[in-house]
Amino acid sequence: MSVNKTIHSEGEERYSTLVNNAAAVRAICSAVEGTLGPKGLDTMLVGGQGEVIITNDGVTILEKMDVTHPAARLMIQVARSQQRQIGDGTTTATVLAGALVQEGVAQVTRGVPVAKVVSGMLQGIELAVTSLQGRSRAIESLSDNALKRIAITAGREQADIARLIIQAAEAVGEVKLREDGYRFADSVLAHEEASSEVWTGILLNQKPMNLHLDEEARRDVRILVLHDALEPEAVSEESLVTEAGFQRYMQLREQFRSSLGLLQELGVGLIASDRGVDPEAEQFCSDHGILVLQRLSRRDLQLLSEHTGARPVRRTALRKSAPELGAALGSAGYAAYDERLERVRVAGGHGDQHVT
């Protein structure tokens, strides 16, 4: 009797880490599996500061969770990879991976060698992929009824959301939708003050520095995108205490003022920078009706460049001639600050078509 107990306890200890990992994986899956499918429920997340997020997006739920267990963190990486590669299906990927882990642990604890379990899983996955590929078909065009059914499912059977999806897809066009690396899901923006709409352009998540400008929309705007600060080149503090250093400082400021005048001549109506803006430049732009956006995210700058055809430049490019600098400017048919959304709307760009 004592011998059997010893063997049983050794078996439990042998698989304790495996079972512990499986329990952590199960906990992660249970956090998102209730949101699966068009009939899935939303989940309310409450942060440490009392902030509330209501979502059914698996990767959002997992990203907001405070997870330290190594196996659980691997499951979150599964969701991230799915989101990065596909842009959808994070909950499905997480639940499927969790089911594979649970069944694998059950087989191993029954005595099946790990190598055989892994081999069996790989064969099963290969068969499943082959079966799915055999039953799949390509979407022929934007008028394909299958696309509308997909939109209804993605919109959780809400006809108004499905119409928005189809409308946005038509605005983007088939060529853009079929581009490698383009993800339609990235076009979706959720905002508590927004009404459901399709905006055939982009929304930049930043307030202009000069909000006191008139709120009329700017038409046929030329746009400068800076991967730099909109300010004069710096002079070291050690140099400033010398006569030559101070003269250099004044020379650089004068060059900067001339550059601002050149921007006015070129008809620039919007300047977007990923860093700060000099107070003198801010005042100049306010006086001449130029919207200034500072500290924009790299993603927003990339979107702005793609949509308007702007070529991002450093501040040293401001010293170039008018034709050279003008060639780097982008153009848009419309640009205005939306006070309700606290975002800048840009549309009618001369570059790639975008929709929000």
- Note down all Cβ pairs under 7 Å where the first residue falls in the range 162-191 and is part of a loop (DSSP other than H, G, I, E, B), the second is of a type outside the set (Gly, Ala, Ser) and open to solvent by less than 80 Å² (accessible area, probe 1.4 Å), and they're at least six residues apart or on different chains. GLY173/GLN353; TYR182/LYS176; LEU189/LEU203; LEU189/THR356; HIS191/LEU341
- Message: Taking the criterion of being open to solvent by 40 Å² or more (accessible area, probe 1.4 Å) and over 30 Å from GLU282 (Cβ atoms), would at least one residue in the range 198-218 satisfy it?
- Response: yes
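Please enumerate the residues belonging to the range 248-271 that are in contact (Cβ under 8 Å) with a residue 12 or more places away in the chain, more than 16 Å from GLU324 (Cβ to Cβ) and not hydrophobic (A, V, I, L, M, F, W, C). Let's see the steps before the verdict.
Of all residues in the range 248-271, those in contact (Cβ under 8 Å) with a residue 12 or more places away in the chain come to 248-249, 252-253, 255-257, 259-260, 262-271.
Now drop any that are not more than 16 Å from GLU324 (Cβ to Cβ), which leaves 248-249, 252-253, 256-257, 260, 264, 269-271.
Listed by number, the residues that qualify are ARG248, TYR249, ARG253, ARG257, GLN264, GLY269.
Which residue, of VAL59, VAL95, VAL108, is over 20 Å from ALA154 (Cβ atoms) and among the hydrophobic types (A, V, I, L, M, F, W, C)? Steps first, please.
Details: VAL59 fails: over 20 Å from ALA154 (Cβ atoms); VAL95 fails: over 20 Å from ALA154 (Cβ atoms).
It is VAL108.
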- Message: Among the residues of the range 285-298, are any part of a helix (DSSP H, G or I), of a type in the set (S, T, N, Q) and open to solvent by 40 Å² or more (accessible area, probe 1.4 Å)?
- Response: no
- Task: Mind listing just one residue for me: the one in the range 218-261 that is touching a Pro at 6+ places or on another chain (Cβ under 8 Å) and among the aliphatic types (A, V, I, L, M) and, of those, farthest from THR316 (Cα to Cα)?
- Result: VAL225
- Query: Here are some residues: ALA72, ALA93. Which one is open to solvent by less than 70 Å² (accessible area, probe 1.4 Å) and touching a residue at least 40 places away in the same chain (Cβ under 8 Å)?
  - Reply: ALA72
- Query: Are any residues in the range 135-159 more than 18 Å from ASP88 (Cα to Cα), open to solvent by 80 Å² or more (accessible area, probe 1.4 Å) and in a helix (DSSP H, G or I), and if so, which ones?
  - Reply: ARG135, ASN145
- Taking into account only those residues within the range 315-329 that are modelled with pLDDT under 90 and not in a helix (DSSP H, G or I), which is least open to solvent (accessible area, probe 1.4 Å)? SER321
- Note on the structure: Of the residues in the range 233-263 that are over 19 Å from ARG311 (Cα atoms), open to solvent by less than 20 Å² (accessible area, probe 1.4 Å) and touching a helix residue (DSSP H, G or I) at 6+ places or on another chain (Cβ under 8 Å), the one that is modelled with the lowest pLDDT is GLY245
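The values are calculated or read from the model by the stated rules, or taken from the named source; none is laboratory data. This one's a predicted model, so the numbers in the text were calculated from it and none came from an experiment. No Cβ is skipped: glycine too gets one built from the backbone with ideal geometry, and neighbour counts run over all protein chains shown. All accessible areas refer to the heavy atoms of the entire protein, side chains included, with ligands and DNA or RNA removed. Shrake-Rupley method; radii C 1.70, N 1.55, O 1.52, S 1.80 Å.
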